[in-house]
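First the structure, in the form of structure tokens, and then the observations on it.
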Amino acid sequence: MNGSVKPKRPLGLAGFAATIGITMLVGGLAGAGSAIFGDQPGAVGLAITVVLIAAAFAVGFAACIWWWRGIDEAAREAHKWAWWWGGSGGMAVGGVVLLTVMIRADTQPLPASVGTSPADIFVSGMLALVLFQLAGYALAWAGWWLKHR
Amino acid sequence: MNNRLKVLRAEHNWSQADLADQLGVSRQTVNALETGRYDPSLPLAFRIAKVFGQPIESIFTED
């Protein structure tokens, strides 16, 4: 513990927006790059796609680590609580909803937006789970701060 | 855990934002500490004690 250094002001909304913005920008560039340069047959196209996506993930993780180190301990606690209770709870609810919908798919047709091929349905299910997770996370995060006001 | 943060801050005539700046936390965190709804980590408790120039046990007490 070094008490002689004046503490830095923790990151606020601007830091969060910067992290999301950088991650989305780099992800978009990697996606565009892999669509343009990776769309060729053979190992070269695959290698270009893998390198671009790996680079985007590296930048995204670096941005997240910078943001995580910049927020204060209560903000971290809120995010950890939201991740466990909100994210896990949302995923559990989403999983049950998805299973219920799929079990009834024989008698109750799926919406057209879900797609028809197995791959489309799989991707739609994964995206639905992520959305449930995010919704649970957001609710739990807001709940933590409301409770600790 | 109870604390005397609000009283001490008032004695120094500091706003929550002033105290937050000195501790390196957000104003929301200072508010959560003052209302007793968030217990600080040991490093933060030490920083609080140093800012007010008092021992930890004179600022924080058990319920």
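Observations
- Placing unit charges on each Cβ (+1 for Lys and Arg, -1 for Asp and Glu) gives the protein assembly as shown a dipole about its Cα centre, and among A:VAL59, A:GLY115, A:LEU13 the Cα reaching farthest toward its positive end belongs to A:LEU13.
- Nearest-20 debye value, the protein assembly as shown charge dipole, Cβ charges on Lys, Arg, Asp, Glu: 480 debye
- The value obtained for region A:21-148, namely the Cα convex hull volume divided by the number of residues, is 143 Å³ per residue.
- The charge dipole of chain B, taken about its Cα centre with unit charges on the Cβ of Lys, Arg, Asp and Glu (plus for the first two, minus for the last two), comes to roughly 160 debye.
- In a reduced charge model with +1 at each Lys and Arg Cβ and -1 at each Asp and Glu Cβ, region A:1-121 shows a dipole moment near 540 debye about its Cα centre.
- When shorter helices are ignored and each DSSP H run of at least 4 residues is given -39500 (n - 2.57), the per-residue value for chain B at 222 nm works out to -16000 deg cm²/dmol.
- Span-like helix ranges in chain A, DSSP H, alpha carbon extent 15 angstrom or more, Kyte mean at least 0.0: A:13-37, A:43-70, A:88-103, A:118-147
- Of the trypsin sites (Lys or Arg not before Pro) found in region A:71-126, those in coil by DSSP whose Cβ has at most 15 other Cβ atoms within 10 Å are A:ARG104.
- GNM result for chain B, Cα springs below 10 Å: residue of B:SER41, B:SER26, B:SER15 fluctuating most strongly: B:SER41
- A dipole drawn for chain B from +1 and -1 charges on Cβ atoms has a positive end, and of B:GLN22, B:GLY53, B:LEU33 the residue lying farthest that way is B:GLN22.
- Gaussian network model of chain A, Cα within-10 Å springs - most flexible of A:ALA92, A:ALA30, A:ALA119: A:ALA119
- Dividing the helix sum by the residues of chain A, where each DSSP H run of 4 or more adds -39500 (n - 2.57), gives a mean residue ellipticity at 222 nm of -25000 deg cm²/dmol.
Bear in mind that the values in this text are calculations on the coordinates, not laboratory data. Source: prediction; values computed, not measured. For neighbour counting, all protein chains shown are included, and Cβ atoms are generated from backbone atoms with ideal geometry for every residue, glycine included.
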